[in-house]
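The values are calculated or read from the model by the stated rules, or taken from the named source; none is laboratory data. Every value quoted in this text rests on a predicted model; they were computed, and no experiment measured them. Every residue, glycine as well, gets a Cβ built from its backbone with ideal geometry; the counts of neighbours run over all protein chains shown.
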Amino acid sequence: MIGIISKKSEVGFVEEFFQLFKTPWEFYKDDKDYDVVIISRDEVNDEINSKLLLIFGSEPTQFDNNKGFILYKNYNINTLDFGEITIPIYSQIATFKNISYGDAFFKANSEVIGLELKRYNQIVLRIGYNLFDEVSHLLTIGQPIKKANIPTLENHIALLRKWIIKAGVPLIEFPPIPWGYNFITCLTHDVDFVRIRNHFFDFSMWGFIYRGLFGSLKKLLNGKASFLFLLQNWKAVLTLPFVYLGFADDFWFQFNNYLKIEKDLGSTYFFIPFNNRTGDKVSSPNASLRAAKYDINNLKELLNNLISKNVEIGIHGIDAWHDVESGIQEKEKIAEIIGGANLGIRMHWLLHDKQTFHTLEKAGYIWDSSFGYNETIGYRGGTTQVFKPIGARNLLELPMHIQDSALFFQHRMGLSEKQAFRLCKNLINNSSIYGGVLTLNWHQRSLGPERLWGDFYLRLLKELQVRHVWFASASQAVEWFRKRRDVLFEEVRFSGNKLRLSLRSDEVDIQPPLTIRIYRPVSKKLEKNDFSFCMRNYFDTPWNGEREIEISI
């Protein structure tokens, strides 16, 4: 059991951190013994006799004063490299001077960031940053674009796990991994456009012609596209008059092709509820381009057909991000067509502010999938997991990780397919290590000219399929995480080679089952940064709702 001594302002972040790192914990009680105690405020009781004591923070504490440590605020260090794991730090870092006790177990730029002391039968780690300040930053502000490729919050969890195991403490957790799978994948599609016929002599049509003729040629000359790519797009531009006349298929209408590619994998489409609405508070100089030209009222047959093929429908919100009444109207409009009330949302252009999560929850949404990047791919919140925004009561956030337009748009990353696949594979590899969910956003029209990103998407799907992932709709993924969050550890007892667990959950049938993972204490001396051994030294078993369970380890 882990006991936490934190500041009052950190309570929500502590609680959310231990929903992501799903292991037995509670706020510290004086009358209880703990294997591990974590402190993030100036309160270090000398009577704490845990096997491992972790003291986080960049401010001097009484503990530091007693040991004669001198702390200096360091403004030149913002990334820590723990061997296999890199952790950007977004709050204040302190370095230690005048070290007469303990050993420096971690340095950066020759400066001491972490100290290890041994007293009696206890290991004390004094670390010069505040873990929960980092959680706060990641789940509210998020990471800057230049750090987007790092699953920072998962790395914090891996680092804490390693310290616990290395101290000889057995560890049990529910990792974010469905039993029988390596991780979860959500295939999602924003429907910004339905048909090019909806765009006649407007910016979208002229943009298509320009990109099809000249953009394709530029990509060919830059080595980012093939000659076949050029020919296909030139042919599409020449065919455009026949599309408008109804003599040729509308090549922006790609729903049927997605159904063929994805088959029964299950995906989620986000439709814009009202046409010709730019939305309020849109600061972009191109705000007029945000208005959709299709009318959802004319797509009832399409939506019902998609639903019959195991496809989920969500809302691509216009003003829900800042206005409760608009959020209600947008939800009711889609619900009116497809039925059902428990709908999720992703904001068009990913617009948000500090109040967005609260606003969406008040409007009745149970999940959102807007926490991602337009300009790049990666981990805005530093996590592979569904999380609850701080202050929310029921709303969960399904982070978005890979977006097609971020990869290929010239004014964004502007990558070749070879470059893009290498970056996407890095994210897939991270999911294989940490579990969680990998959320893709491939726009509805992206299979057709002038984008022609279908072959790349198919290659991504094949790469994911060989990784043995659970393909889930957005709602399915969110609900699986919700059920995992609801599990409570009532009692954990190690006795010899037996582990006895008392668990509480309102769910009696969780599919796929959750995974119980038991990490064995390390019996060999580890190198300083040997994370890989810690990651491998565990035993897994499925769990699907039993209240009392005994596991032989």
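Structure data summary
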| read-out | value |
| --- | --- |
| Enumeration of residues in region 251-288 that are assigned to a helix (DSSP H, G or I) and closer than 21 Å to LEU447 by Cα | PHE255, ASN256, ASN257, TYR258, LEU259, LYS260, ILE261, GLU262 |
| Subset of region 100-137 (residues that are in contact (Cβ under 8 Å) with a residue 24 or more places away in the chain and within 20 Å of ASN49 (Cα to Cα)) | TYR101, GLY102, LEU115, LEU117, TYR120, ASN121, GLN122, ILE123, VAL124, LEU125, ARG126, ILE127 |
| Looking only at region 404-438, and only at residues there that are surrounded by 21 or more Cβ atoms within 10 Å (Cβ to Cβ) and farther than 23 Å from GLU173 by Cβ, the one that is farthest from the chain's Cα centre (by Cα) | PHE408 |
| Long-range neighbours under 8 Å by Cβ, at least six apart or interchain, first residue within 13 Å of GLY391 (Cα to Cα) within region 11-22, second small (Gly, Ala, Ser) and part of a loop (DSSP other than H, G, I, E, B) | GLY12/GLY391; VAL14/SER6 |
| Elements of type strands (runs of 3 or more DSSP E) contained in region 1-56, each with 2 or more residues being buried (at least 17 other Cβ atoms within 10 Å of the Cβ) | 2-5, 36-39, 52-56 |
| Residue within region 111-134 that is more than 23 Å from the chain's Cα centre (by Cα), surrounded by fewer than 20 Cβ atoms within 10 Å (Cβ to Cβ) and assigned to a helix (DSSP H, G or I) present | no |
| Filter result (under 19 Å from GLY266 (Cα atoms) and charged (D, E, K, R)) within region 168-190 | ASP190 |
| LYS219, sole failed condition from (1) in the same structural domain as MET413 (by TED's automatic domain parsing); (2) crowded, with 18+ Cβ neighbours inside 10 Å | (1) |
| Test result for PHE63, part of a helix (DSSP H, G or I), modelled with pLDDT of 95 or more and closer than 26 Å to VAL169 by Cα | no |
| HIS199 touching a residue at least 24 places away in the same chain (Cβ under 8 Å), more than 33 Å from the chain's Cα centre (by Cα) and more than 30 Å from TYR519 (Cβ to Cβ) | yes |
| Checklist (1) free of Cβ contacts under 8 Å to residues at least 60 places away in the same chain; (2) at positive phi applied to GLY57, failing item | (1) |
| Output for region 509-551, where each listed residue is at pLDDT below 80 and more than 27 Å from the chain's Cα centre (by Cα) | ARG520, PRO521, VAL522, SER523, LYS524, LYS525, LEU526, GLU527, LYS528 |
